[in-house]
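Where a number appears in this text, it was derived from the coordinates with a stated rule and is not lab data. For clarity, every value in this text was computed on a predicted model and none was experimentally measured. Cβ atoms come from the backbone with ideal geometry, glycine included; neighbour counts cover every protein chain shown.
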Amino acid sequence: MTWMGTTILSVRKGNQVVVAGDGQVTMGNAVVKANARKVRFLSSGNVLVGFAGATADAFSLFERLESKLDQYPGQLQRACVELAKDWRTDKFLRKLEAMMAVVDKGVSLILTGTGDVLEPQDGIIGIGSGGNFALAAARALMDQDLSAEEIAKKSMKIAGDLCIYTNHSLVLEKIDIKEQL
C-alpha cells in the first residue's frame with residue numbers, strides 16, 4: 001500500500017528509537033495544510049505512533065490502539081495483533097485506509113488494514129508516499145556515526161526533496177531506551 005500525502009519514518013539505533021513525520025496534507029494535487037502532526041505518543045509516553053492515511057481514520061485508529069494498549073499493558077506486539085485482527089474483520093474498521101508505524105523501547109512494527117503486523121529486521125520503517133525514499137536514505141546512513149535522530153532528520157529531508165507529497169515541516173519524537181529500562 002502506498003499513501004499519497006505523507007511520509008513517516010522510524011529509526012532504531014543505539015539507545016534511541018525515533019518516529020518522524022512530515023506535515024503536508026494534500027487533497028488531490030493541492031496542499032491544504034503544511035504543518036499537520038502525524039506522530040504522537042500513546043500509553044503514557046511509552047509507545048510512539050506515526051500514521052499515513054486519511055486524518056479521520058488516524059484518530060479512530062489511535063483511539064483503538066490506545067484501548068488495546070490499556071487492555072494489554074506492556075505488550076505492544078499483542079496489542080497490535082489484536083488491533084490488526086479488529087481492523088481486518090470489523091465492518092467499520094476494515095474501510096479505514098491507513099498504515100501505522102508503532103514503536104516502543106523494544107520493538108518496531110508496521111500495521112496495515114489488511115491485517116499485517118510486520119517487524120522490520122533492521123529497525124527501520126518507512127511508510128507513506130515518501131516512505132521508500134526515507135527508508136532508503138536511512139539504510140544508507142545507518143553505518144555512519146550518527147544518532148537515530150540525526151539519521152531520521154537527514155532521511156526525511158531527502159524524502160521531502162524527492163516526493164511531491166512530502167514537505168520539510170518535520171515532527172520528530174523519540175524514546176530514549178536507557179531511561180525506560
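Our coupling estimate for the stretch 35-46, obtained by passing each phi through the Karplus curve with A = 6.51, B = -1.76, C = 1.60 and θ = phi - 60°, is 10, 5, 9, 9, 10, 7, 8, 10, 6, 6, x, 8 Hz, Gly and Pro reported as x. Across the stretch 55-74, no residue has a backbone nitrogen under 15 Å from the label position 7 Å along the beta-carbon direction of V31. A cut-off of 5 Å between modelled amide H atoms, ignoring neighbours fewer than 5 places along the same chain, links V17 with I175, I177. Database remark: amide H of A98 closer than 5 angstrom to the amide H of G113 (H placed geometrically; neighbours at sequence offset of 5 or more, or on other chains; Pro and chain starts carry no H). Residue by residue, the stretch 150-162 carries 3J(HN,Hα) couplings of 5, 5, 4, 4, 5, 5, 5, 5, 4, 4, x, 6, 9 Hz when phi is fed to the Karplus relation 6.51 cos²θ - 1.76 cosθ + 1.60 (θ = phi - 60°); x denotes Gly or Pro. Dividing the summed -39500 (n - 2.57) terms of all DSSP H runs of n ≥ 4 by the residue count of the chain sets its mean residue ellipticity at 222 nm at -10500 deg cm²/dmol.
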